[in-house]
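Engineer: Please find one structure pasted underneath; my questions will follow.
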Amino acid sequence: MSTTFKDDDWIWAVIQDPEKNPQYLGQRDDQKGVFYIPIFKEKDQALQCMNLLKKDEAFKYEPQAVFYGELINDAQKNGFLVVLIDGEGKIQEWIQP
């Protein structure tokens, strides 16, 4: 668990296909061989980094505020790590759910 957030804190995640089949946009770190969900402290940070994330152009994407605890639970259930990223796309913290 992160020391940065509490379960009821709002964080920002990029949502794939938000109107039809919403799900967190996951990423793969090929060097580490892990899947992760990028999160951001602010909406502007998520917007700034959206073009840096690997996406399927067939879908629409948008940043949405979600409760940290809910995202962590979903990540854990689906075998994802969580990564806090700043507005410049730099990794700030790897979080093991």
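The values are calculated or read from the model by the stated rules, or taken from the named source; none is laboratory data. Quick caveat: nothing in here was measured; it's all calculated off a predicted structure. Here the Cβ positions follow ideal geometry from the backbone for every residue, glycine too, while neighbour counts run over all protein chains shown. SASA here: full protein model, heavy atoms, side chains in, ligands and nucleic acids out. Shrake-Rupley method; radii C 1.70, N 1.55, O 1.52, S 1.80 Å.
Engineer: Of the listed peptides 17-25, 31-39, what is their order by residue-averaged count of other C-beta atoms within 10 Å, with the highest listed first? Please report the intermediate quantities before stating the final value.
Structural biologist: Working: 17-25: 13.4, 31-39: 16.0.
Ranked from most to least packed, the peptides come out as 31-39, 17-25.
Engineer: Please tell me the relative contact order of the chain in percent, rounded to the nearest whole number, where contacts are Cα pairs under 8 Å and at least six residues apart. Don't jump to the answer; show the numbers that get you there.
Structural biologist: Working: 182 pairs, mean separation 33.8, N = 97.
It comes to 35 percent, rounded to a whole number.
Engineer: Give the accessible surface of the range 1-96 per residue, rounded to a whole number of Å², with probe radius 1.4 Å and ligands, DNA and RNA excluded. Mind dumping the intermediate values first?
Structural biologist: Values: 5950 Å² over 96 residues.
For the range 1-96, the solvent-accessible area averages 62 Å² per residue.
Engineer: Just the Cα atoms of the chain: what Rg and Dmax do they give in Å?
Structural biologist: Radius of gyration, then largest Cα-Cα span, for the chain: 12.3, 36 Å.
Engineer: Can you pull out the chymotrypsin sites (Phe, Trp or Tyr not before Pro) in the range 49-92 that DSSP calls coil and that have at most 15 other Cβ atoms within 10 Å? Please report the intermediate quantities before stating the final value.
Structural biologist: Details: sites: F59, Y61, F67, Y68, F80; in loops: F59, F80.
Those satisfying the criteria are F59.
Engineer: Next question, about the same structure. If I model a spin label as a point 7 Å beyond the Cα along the Cα-Cβ vector, how far apart are those points for N78 and K43 in nm?
Structural biologist: Rounded to a tenth, the inter-label distance reads 2.2 nm.
Engineer: Based on the Kirkwood radius over alpha-carbon pairs, what value in µm²/s does the Stokes-Einstein equation return for the translational diffusion coefficient of the range 24-79 at 4 °C and 1.567 mPa s?
Structural biologist: On the way: Rh = 12.5 Å.
It diffuses with D of about 104 µm²/s by this estimate.
Engineer: Of L52, L71, L84, which is the most mobile in a GNM of the chain whose springs link Cα atoms less than 10 angstrom apart?
Structural biologist: Of L52, L71, L84, the most mobile in the Gaussian network model is L52.
Engineer: Can you compute the helix-only [θ] at 222 nm over the chain? Use -39500 (n - 2.57) per DSSP H run of at least 4 residues, normalise by all residues, nearest 500 deg cm²/dmol. Provide the component values of the computation, followed by the final result.
Structural biologist: Working: 2 runs with 17 residues, N = 97.
Mean residue ellipticity at 222 nm (helix-derived): -5000 deg cm²/dmol.
Engineer: Heavy atoms only, probe 1.4 Å: what % of the accessible area of the chain goes to carbon and sulfur, would you let me know?
Structural biologist: On the way: 2690 of 5980 Å².
Looking at the chain in its full context, I get 45 percent from C and S.
Engineer: Mind putting a number on the dipole of the range 31-74 about its Cα centre? Charges go on the C-beta only, +1 for Lys and Arg and -1 for Asp and Glu, and I need it in Debye to the nearest 20.
Structural biologist: Details: 6 positive and 7 negative charges, 35 e Å.
Charge dipole, the range 31-74, about its Cα centre: 160 debye, nearest 20.
Engineer: Considering only Cα-Cα distances, which of the following residue pairs are longer than 21 Å: K41/K90; K20/K55; K6/K54; K6/K55; K20/K60? Write out the running numbers ahead of the final one.
Structural biologist: Details: K41/K90 13 Å; K20/K55 16 Å; K6/K54 28 Å; K6/K55 28 Å; K20/K60 10 Å.
In this structure, K6/K54; K6/K55 lie more than 21 Å apart at Cα.
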